[in-house]
Every structure is written in structure tokens, then in C-alpha cells.
Amino acid sequence: MKRLISTMLKTVIFFIGWAILISFTPDIETNNQSLLRLWWEITPLAVVVLFTVIFVSVIEMGKIRIPIASRIFKNSLIGVGISVLWLGSVVGVLLLTKTMDVKGHNNIDYIWIWMLASLLNVAMQELLVRGYLYQLWKHKFNVITATIITTILFTAMHGGVFEEGIIPVLNVVSMSIFVTLLLEYTGTILAPIIAHFIWNTIGAIIFGGVSLPSDYPTLLKSTFQGNPLLSGGIYKLEGSIIVLVVNLLLISYLFILNKRMSSSKLYE
């Protein structure tokens, strides 16, 4: 019980402390919306990095490690490959069923700055949820407990989905589980960051099918029509049951890979 209370207290201080501190972030004076968005994404990431260093080095005294530099090239390729399969299969099904259609494109100024902002946003989310907090619960308890706790936190960060219906909620939950299994399989948080980044950036900034803050632009004029269970309706990819099916398939695949990897280590 003492261990549980201590772990919960650290989680609350880390998560709530981060949220409180970023609320004091001042704006910068600029007429460039992309630079303003970049600033809005830099500061939460900087705070979570600071909190992570303090908690890992001072409070945990180095007993907990954030896996970052494990086989960087190989695991980066895995992150890219799994995200292309993830987003590509969803978009492919929607295009083939004509529930998604591209009717033109918009001009986006400073698109690379917008993409960088998206990367910083994803890095913040992953480090906040699947960095110190995931490793803390895994170290104190086990992988299953760590997955449950961090999935609850990740879903809470996307609280707007509760107003959208059961499918968007299940998509967020299954996405969190899938990305956690990817973290376990690769042994590095880099792969989840890459997969999450490609989903958000290509899915939102390019296809306009994923929700980001309203100031983010979209390159393609995509429409989602027909059966809302397939197309996602007004919630687009995030409301599509196709995303849920693909997420569940990826969860099953990565679960099998993790089991095989665990079994092989037992016989080494």
C-alpha cells in the first residue's frame, strides 16, 4: 500500500505540476502564426523535459531510466514503417470505399515550421505519458499496470473525445495501447514518437483528417462522406471504425512480437 500511495503521489505531482507550470507560459510578440504555434509547443516540451530530469536524477536517483538511444537507426525505421502501415491502411480503405475524397489543395506558408511544431507536440505527449510516468509504474509494479495508468492519462489528455462518442474514445485508448507495445518492442521512446508524429502530421496537416489545435493548417481539401461509421463523419479519421480495427490488428501483431521476444530472451 505504501508503494502504491508513493507512486500515485509522484504521478500526481509530475502530471499536475507540469500542467500548472505551463499555464504561466507567456505569449511572444509575432504576426507569424506558425512561429507562435511553435512557441506554444516548445514550452510544454521544455517543462516536461525539465520535470523528467529532476524526477529521474533527483527523486529516483537514477534508478529509473528513460529508453531513448536504443538501436536508433533500426528502431527509427520500425517507427516509420509501422506508422506508414497504420495511417496508410486507414486512408487506403477510406479512399477505396469512397468515404474519403480529395478535392484540391490549400497553400500553406511555413509548412515546415508547422510540421516541426507538430513534432514537438508529439514529443511532449509521449515523454509526458510514456517517459518517466510509464517507467515509474513499470518499475514499481509491472508493464500491465503501467499501460493501464498511462492509457488513462493519455485519454484524459484527449478529453474532448468523450463528447464525440464511443468510437473516438476507443480509438484513443487502443492507439495508446498500440504505441505502448511499440515502446516495449523497440525498447526506445523514439519509435512511438515517430509513429505518433507521422499520424498527426500526415493525418492532420496533409490530409486534414486528424484533429490538432484549430490554428494548424491543412494542405489537402479532404471530404469525409457516406456511412459515418466508416468515414468518421464530422470527426473524420478519429471517428472511423476502420481506425479501431487497424489499431486492434496492430495491438495483436505487436503483442505477438513482444511475446516472441520475451520467449527468446528466456532461452538465451
Cα long-axis angle, helix 166-186 against the chain (0 to 90 degrees, to the nearest 10): 50
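Return the loop-located chymotrypsin sites (Phe, Trp or Tyr not before Pro) in the range 15-89 (DSSP other than H, G, I, E, B) with at most 15 other Cβ atoms within 10 Å of their own Cβ; answer none if there are none. Mind showing how you got there, number by number?
Numbers: sites: Phe15, Trp18, Phe24, Trp39, Trp40, Phe51, Phe55, Phe73, Trp86; in loops: Phe24.
Qualifying residues, ordered by number: Phe24.
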Spatially proximal lysines relative to Lys140 (Cα-Cα < 19 Å; intrachain offsets below 8 disregarded): Lys2, Lys10, Lys63
Sequence ranges 196-202, 139-145, ranked by mean other-Cβ count within 10 angstrom, highest first: 196-202, 139-145
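Trypsin sites (Lys or Arg not before Pro) within the range 41-74: which are DSSP loop residues with at most 10 other Cβ atoms inside 10 Å? Present the calculation step by step, with values, prior to reporting the outcome.
Numbers: sites: Lys63, Arg65, Arg71, Lys74; in loops: Lys63, Arg65, Arg71.
Within the range 41-74, the qualifying trypsin sites (Lys or Arg not before Pro) (loop, at most 10 other Cβ atoms within 10 Å) are Lys63.
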Cα→Cβ-extended label distance, 7 Å offset, between Trp112 and Val143, nm: 3.9
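Subtracting the Cα-Cα distance from 0.36 nm times the residue separation, let me have the gained length for Val53 to Asn227 in nm, one decimal. Write down the numbers at each step before the final one.
Details: separation 174, 0.36 × 174 = 62.64 nm, distance 4.74 nm.
Extra length available between Val53 and Asn227 comes to 57.9 nm.
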Relative contact order (percent, whole number), the chain, Cα cutoff 8 Å, 6+ residue spacing: 24
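Compute the length gained on full extension between Ala69 and Ile256: take 0.36 nm times their separation in residues and subtract their Cα-Cα distance, giving the result in nm to one decimal.
Result: 64.9 nm gained on full extension.
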Most mobile listed residue (Leu96, Leu237, Leu183) in the chain, GNM with C-alpha springs under 10 Å: Leu96
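Highest mean first, how do 216-223, 5-12 rank when packing is the count of other Cβ atoms within 10 Å averaged over residues? It would help to have the intermediate numbers written out before the result.
Working: 216-223: 17.2, 5-12: 13.2.
Sorting 216-223, 5-12 by mean packing, highest first, produces 216-223, 5-12.
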Ellipticity estimate at 222 nm from DSSP helix runs (n ≥ 4, -39,500 (n - 2.57)) divided over the chain, nearest 500: -22000 deg cm²/dmol
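Rule-based calculations on the coordinates, nothing more; no lab input. Please read all numbers here as calculations on a predicted model, not as lab measurements. Neighbour counts are summed over all protein chains in view; Cβ atoms, including those assigned to glycine, are modelled from backbone coordinates with ideal geometry.
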